[in-house]
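Novice: Pasting a structure here, questions to come.
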């Protein structure tokens, strides 16, 4: 990097478009900088978003506000160097790169910072991604140095880049996100910067080509000028050639490289009109965080929302997400549906609302909630999400307002139609959005269709009769191949006449849309009508196989595929194209059309029959999936069930309404595994719990036992093991009563998982082995493989690697026989652990990498995160910190995407360990504390115990021995309370406490603890990182050097004979010493108060208390917060102030009274603590006294 110091100059402020909010945030940052003293401002934007230009503007403002500015400029060829190059504006010389060390660059920067005489200093860094780790470390060191005040670091970066500065512990930390310009912003840029009033058509083309990104706009203009497409005429100004619309700007090829994350469906048809609506909604979204688009069904709310969202992609650095709610009929499940759509995994023991809020807490994103009227009772979730986040914006489409605080309504009007009169040219008529929409959709089914002078008036009348409703216009246009415009208009006129005499209890727009759909329905033949109304039974998406089984049970539809295609072409159906297998036909209906179809079905006389066909089909689908789930088809069936989930839930409702209890039990029990692995925990419980309450213990069937089993499992996953254990006990009794061995084995296994959460490892092992024995008895191999994997992990944690390997290998063999990739992956993961425990690190890495490969193939995101962490952990243990950090960051990004806080906490903790190993204790502490906050929030006691231990290591390394001991004991208490059984943790804590005792001169206790730790090392030594082993060995050798060999060996043997439980209890006895030392600290203070009047040296007072000076100083500072000498002198000054104020003693006499024989020494000490000399203090007291004497 280069360091360039700016001199005082008069700067020309760059001209900015649509950056007022960003600039206001910078001004606020400068204002708060004076309060917080040091701060970091991160400017985030995709390439070409104008980051550098904005940074230049900041430079000008900072200089105008009397800040000194230092620019650190990146240079690619210096990226791997360990030092910086200094460039000075004053002498224009550049120092030789080979002669300038990092220390020299740091010293120059430090000199600049400390000699700064202005309001403050701003360090600017453009593109932090180009800086190497040495440069990053230098900046971190500077920004956390408390010597510097009013110091700001401002840097630019890309949205997803993660650098060390992102974890810096600065008092003030802000982020500015730079998005693209809006279409109106581009118009302003052309007018105010380029001085050109360009045409609307050119602006639309140019905006699409440049995406509104300032860098691409500049490059695009240069490209057009350079290729003589845009010409400047001295008389006429700029002239654009017509062929511009055929060009594709070169930079356009790079768009997808930095397209923000989104799941917006790509439009298959052209968007028409709505320019005014788009501008108004854009303006709303620019200043508010909740906008609801209201209007009747078919008015175009969804399409308009998607169009606005696509134009605002770059305004939201963390993405734009479209979440349709049409299939969500239960308000209680909306949170789960939103989480699933955002790929946010449900977290065991945490309410889904809290998971959502946590995952979105610091995200700048836009969420579109479509068709909210289906779940209007759940409107409060929108309030909860918005009030718990700062960067989230929500765009809602709904037929009615949400009626919540902060909502801004925008009523979507019909497409505009203007009556121009008979002489209006056809070209002008076609420009009307409603007419344009009809023309485009008509040409899609009849390419030679045109609007002529002969039919123009009728087309306009037709659009007017359809009230400009987009859906109605599209349905009408879909029939243009069979029916002329004249006949379409005639039919529509007849229908509207009939409507005027029809029901008036519906709103006008609803009546219009309903009748428009009915009018289109009446154009179908009898076979098409029959199929259409039967399709109304489906909820959400369905495939051709389901349509055949449900709607054609009587075989009265001769050619189903052809009839489906006809409905598709007439816009009654929509084809789903979001699946990997495009050869499989899948469909859905617009909700308004589906409602109409369902209404027709309800009066057709065949509703019950079709619903029975529907329920039987999905029951058959789910039971087949359950049977096939344990083999190579697992992933396909999971995807199939997820695709059909809305219809399966609808089937359950129908079975309940028709009192088909046995079918309901069979279907519900068969769905349990899907609900577990796909994260539908809350929704599963909301279905299972009422069913169990309804049935009680009165049902004796294997299907009901399976319902009980999955109810307990999902309750366990929600973080309530006590309740789940109670449920399992009940279901176990039922299974034994009817002799259901399969059910008994499954319950015993799931019960062992629940018991493990309570720390009862003995019971866990017993239950798992019982389950395994039953599975062997009935020869159920999928169950055998799963329980073997669980037992393998249990034995691994106990240090029994032989048994762990045996069980994992057997499980792997079975999974391979079953061709179960998911099971194979898990078995390989377990074997990787075993290989690490045995010290075969290459084999461990190979197996874990294979596990990662399987997880990626299966799209198992939680598995991928676990694999990345395992690779990182293995690399960290071998001191390969760079590799470990890369994998940790990948896991961290994925876990943030999933919203999986347990993984987030673990990764932050382990990244803190890497920084501790590297000696960057400040950064390590920041990461530990961040991880601790997350771990405490989710109640992860195991992680909390580890974090106390890790922080204790930092305190021990920095000489705070008593604080370190306190934290080690605290970590042991949490460990024991949570009933953990990780031998490696106990080894490390015992080794740490041994180090503390050695530093506090408790040598025999230290040796015993080392002996106890060494016994555990023989079991888990291969799991310990090289750095921790090195530190442990160093502390042990230091103790041996200061102890008598015989005494050491005796104490060591005593410790090595302790069991792990005995060693933990012995370690906790340090608390007794702590109570003694607290009492001793009080006696030390009393001794000082009695003897301060004479010169008490550190050696004298240490000898009095039978301590070494080092141990005395440690104890004194820990319990008083002062160094011994500081406390003594401050107490002397306190007494001397009282003597100076309330006696006639002279200054030299006061000095003698408080133990200072040399009066000059006394004056220096007094001034240090009071900021003035004793003489000045006396004058101040006299003045204060005289001011209080009343005048006569």
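Rule-based calculations on the coordinates, nothing more; no lab input. In this text, all values refer to a predicted model and were calculated from it rather than measured experimentally. Cβ sites come from the backbone with ideal geometry, for glycine too, and all protein chains shown count toward neighbours.
Novice: Show me the ranking of peptides 283-294, 450-461 by mean Cβ neighbours inside 10 Å, starting with the highest.
Specialist: My ranking of the peptides, most packed first, is 283-294, 450-461.
Novice: Mean separation of Cα pairs under 8 Å and 6+ residues apart, divided by the residue count of the stretch 870-1074: what relative contact order is that in percent?
Specialist: 16
Novice: Taking the mean number of other Cβ atoms within 10 Å as a proxy for protection, how do you rank 1175-1184, 635-644 from highest to lowest?
Specialist: Answer by packing, highest mean first, reads 635-644, 1175-1184.
Novice: Additional query: Compute the relative contact order of the stretch 607-692 as a whole-number percentage, counting only Cα pairs closer than 8 Å that sit 6 or more residues apart in sequence.
Specialist: Averaging sequence separation for qualifying contacts and normalising by length gives 30 percent for the stretch 607-692.
Novice: Which whole-number percent gives the relative contact order of the stretch 696-779, counting Cα pairs below 8 Å spaced six or more residues apart?
Specialist: 27
Novice: Another question, if that's okay. Mind sorting 589, 190 by how few other Cβ atoms lie within 10 Å of their own Cβ, fewest first?
Specialist: Placing the least packed residue first, the sequence is 190, 589.
Novice: Would you list 842, 920, 820 from fewest to most Cβ contacts within 10 Å?
Specialist: 842, 920, 820
Novice: Shifting gears a bit: Rank-order 526-532, 606-612, 1092-1098 by packing density, defined as the average count of other C-beta atoms within 10 Å over each peptide's residues, highest first.
Specialist: Top of the packing list down: 526-532, 606-612, 1092-1098.
Novice: How do 675, 205 rank when sorted from fewest to most other Cβ atoms within 10 Å of their own Cβ?
Specialist: 205, 675
Novice: Between residue 726 and residue 1045, what is the spin-label point distance in nm, taking each point 7 Å from the Cα along the Cα→C-beta axis?
Specialist: 6.4
Novice: Can you give the extra length, in nm with one decimal, that the chain gains between residue 234 and residue 568 once fully stretched, where that is 0.36 nm per residue apart less the Cα-Cα distance?
Specialist: 114.6 nm
Novice: Another one. Given R₀ = 25 Å, what would the calculated FRET efficiency be for residue 387 paired with residue 264, taking r from the Cβ atoms and rounding to 0.05?
Specialist: 0.45
Novice: Also, quick follow-up: Could you tell me which of rounded, prolate or oblate describes the stretch 825-911, using a ≥ b ≥ c as the square roots of the eigenvalues of the alpha-carbon gyration tensor, with rounded for a/c under 1.5 and, failing that, prolate when a/b is larger than b/c and oblate otherwise?
Specialist: oblate
Novice: What nm value, rounded to one decimal, do you get for the distance between residue 1169 and residue 202 when each label is placed 7 Å out toward the C-beta?
Specialist: Those two pseudo-labels are separated by 8.0 nm.
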